[in-house]
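No lab work stands behind these numbers, since they all come straight from the coordinates. Bear in mind the structure is a predicted one, so any value in this text is a computation, not a measurement. Don't worry about glycine lacking a Cβ; one is built from the backbone with ideal geometry, like all the others, and counts go over all protein chains shown.
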Amino acid sequence: MSKLPDTRYTQDRELSWLKFNQRVLDEARDDTVPLMERLKFAAIFTSNLDEFFMIRVGSLTDMAMVKDEHLDNKSGKTPHQQLQAIFRAVPALYKQRDKVVEQLEGRLRSCNVCRLTMEELDGKARKQVDRWFHDQVRPILSPLVLDIHHPFPHLPNKALSLFLGLRKNGTDTYGLLPVPGSLPPFFQLEERGVRYLLLEDILSWYAGEIFDQITLTGRCGVSVTRNADIRPEDEAYDVDEDFRAHMRKIIKKRSRLSPVRLEVQGDKEDKLTPFLCEKLSLSRSQVFSTKAPISLKYVFSLEALLPPESAASLCYPPYSPRFPACLEPGAPVLPQILRHDVLLFYPFEQMDPFLRLIREASFDPQVASIKITIYRLADRAKLAEYLSAAAENGKDVTVLMELRARFDEQNNIRWAERMEEAGCTVIYGSEGIKVHSKICLITRLDRGKVQYITQVGTGNYNEKTAKMYTDLCLMTADPAIGGDAALFFQNMAVGNFDGDYQRLLASPFGLRDKVEQLIDREIAKGKDGYLFFKLNSLTDRRLIDKLAQASQAGVEVVMNIRGICCLVPGIEGLTDHITVFSIVGRYLEHSRIYQFGRREDAQLYISSADFMTRNTERRVEIACPVLDPWARRRLMGIISHLLADTQKARVLRPDGSYVSRTGTLPRHNCQEYFQTESVPVPAPSQPQRGRSILPQRLRRLLSKQ
């Protein structure tokens, strides 16, 4: 019999995530946030909840079906108990979301941004809708009456439909009207302001016409959420099937897996919901009612429709990332990195210097190879184009592409094929282990000597999210880090995940052990010890217990954890020297920072890895030390402003709730500060690590691009 986990200072992972999503919803309530942005936060809350059910509830559902009972090592609950706790907690969140959306839409109406119903329209507006419906909507509809000849159909994952109670020839039956995904989600009226009707509301109005000569007895909008927690390694390969083809088959399965949730909007007639539950094999606890629209994705399209004066008052002021102060504008990036390290801070600084580095390397005659790991890319990715150009220019380009980046699989397959066609060597992660690291290595041959430029990041090489997520990007010519990176890529090519590195920390073997050793170093200092971690999530039980051990030794532990935190701080005698706070704001906090020790003596790392079991045991991750004096000061400055935030920071209490920082502290929003801060440039006296031998003509060409 397995030992029961100690849950005195831990909490359930899934309930912790729901509290994070509630903090997202809190942003929709914040009066300091512009109205349209608040509505976007309600939409983000909704899409977050969709993914939570597809992945986490889907995974727990699979685990609950296994005969061998599994106890969660943070909560001590079985998967079935965890599911029941989720189903009890979620309805209250729906009610909060519905109330917030109703209030926001009411306030937006006074700004002439109105979601209307058909009942509100005058004759002129109704004619516009009627013409659009009959000309563009009606011809592509596929209404269905459920009877002996028309059995209950498959409802795709997250597809929206109208479900109707019907009476045909004196007999009660049901009808289904899928909302076409090929049509715009709303119809905008031809008048001043942003006045629109949702497609599902228009279909509901015309339902009597669509189901002609049939009496409607009830109607509601419905959407089924299906288990999307597909593990490619659990699926059998066909003989001679390559991994790309295998992933294409896996992606197709996602829309047909078992239902885990039913959302219902509109009439709540008792006979409609039980029928759906029976057909979908769902319990009533898996049915969630909503007054707000089931899907709020359309909200992100509204901003583009606003006139300039409305956008100025309803949205965040436009922000353009600045060119980093640590680089000379207009000059080639590569030789500057040879002189000193560069630390970029997205989205406050541009991603362009890293892209320029790859572009310069693709033309540099001394560059022999470029190697990179890729987890997610934008739909339009300059990086992939530059890597392809480098291969076409005769460089040895190796791309370790992770095809299992959830919900980005198809995009990654497309880019993998494009780069392979250009001459890149494209390889994939090994079975059972995802490659989540963000590392790039450029190797130059300078007069017979090998010269490395290494880039390590906390976030993906995605030019779109680099403008929305806070992430760090370190570019260095440190030879030891470069040597580690070269060995890392050699190990990845042969499937060796147990590499021994001088400077880099790498999982699935090594990173957690080294973190524990560094924590032990602080434990040995007792009350003089100090630890700071900035993470997205903390779930790894070994690291949780090690942090509790540090607290019990008197070490001050401060953690900025955006999302899941399974460790409960402030438990007397166990975690009372631990402070945890979360920041949710305009930009998604995504960077990972590890600090061991105080001030000048601190060891600093940036990393792709959260302290989650999946990151420490089942993923390839990289943590890189920050050694350059200027980069260390820059990173410590970032940490200090995270710690000083009093507007967006929420502190985790021993009872599991989050509260705003109170007291006489001055108002400080770290993200707003980072937008306007003046960053000191690196000292010009720093030693040159290598000499650029880019031809002068090529330097002039690159500086003009």
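Table for the structure above
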{"read-out": "Dipole magnitude (debye, nearest 20) for the chain, charges at Cβ of Lys, Arg, Asp, Glu", "value": "960"}
{"read-out": "For segment 333-502: rounded, prolate or oblate by the Cα gyration tensor [a/c cutoff 1.5]", "value": "rounded"}
{"read-out": "For segment 480-509 and segment 556-597, distance of Cα centres in Å", "value": "29"}
{"read-out": "Pairwise centroid distance, computed over Cα atoms, of segment 113-131 with segment 356-423, Å", "value": "49"}
{"read-out": "Fraction of the pair-distance distribution of the chain above 43 Å, Cα-Cα pairs, percent", "value": "31"}
{"read-out": "Residues Lys124, Lys434 arranged by fewest to most Cβ contacts within 10 Å", "value": "Lys124, Lys434"}
{"read-out": "Euclidean distance of C-alpha centroids, segment 285-354 and segment 185-219, integer Å", "value": "35"}
{"read-out": "Two-site FRET efficiency, Ser660 against Ala312, from Cβ-Cβ distance with R₀ of 25 Å, rounded to 0.05", "value": "0.35"}
{"read-out": "Dipole in debye (nearest 20) - segment 505-676, about Cα centre, beta carbon charges: Lys, Arg +1; Asp, Glu -1", "value": "420"}
{"read-out": "Net length gained if the chain between Glu600 and Gln213 were fully extended (0.36 nm per residue, minus Cα distance)", "value": "131.3 nm"}
{"read-out": "Additional length obtainable on full extension of the chain from Glu37 to Arg192, 0.36 nm per residue less Cα span", "value": "53.7 nm"}
{"read-out": "Normalised per residue, the volume of the convex hull around the Cα set of segment 349-429 (Å³)", "value": "84"}
{"read-out": "Helix axis angle, 35-52 relative to the chain longest principal axis, alpha carbon, degrees", "value": "90"}
{"read-out": "Surrounding net charge for Leu183, when Lys and Arg each add one and Asp and Glu each subtract one, Cβ distance under 15 Å", "value": "0"}
{"read-out": "Computed lengthening from Arg88 to Ile571, 0.36 nm per intervening residue step minus Cα-Cα distance", "value": "171.3 nm"}
{"read-out": "0 to 90° range, to nearest 10: angle between helix 409-422 axis and the chain longest Cα axis", "value": "50"}
{"read-out": "Rounded tilt (10° steps) of 13-29 against the dominant C-alpha axis of the chain", "value": "80"}
{"read-out": "DSSP bridge pairs, the chain: antiparallel proportion in percent, nearest 5", "value": "70"}
{"read-out": "Assigned charges on the beta-carbon of Lys, Arg, Asp, Glu; segment 282-358 dipole about Cα centre (debye)", "value": "420"}
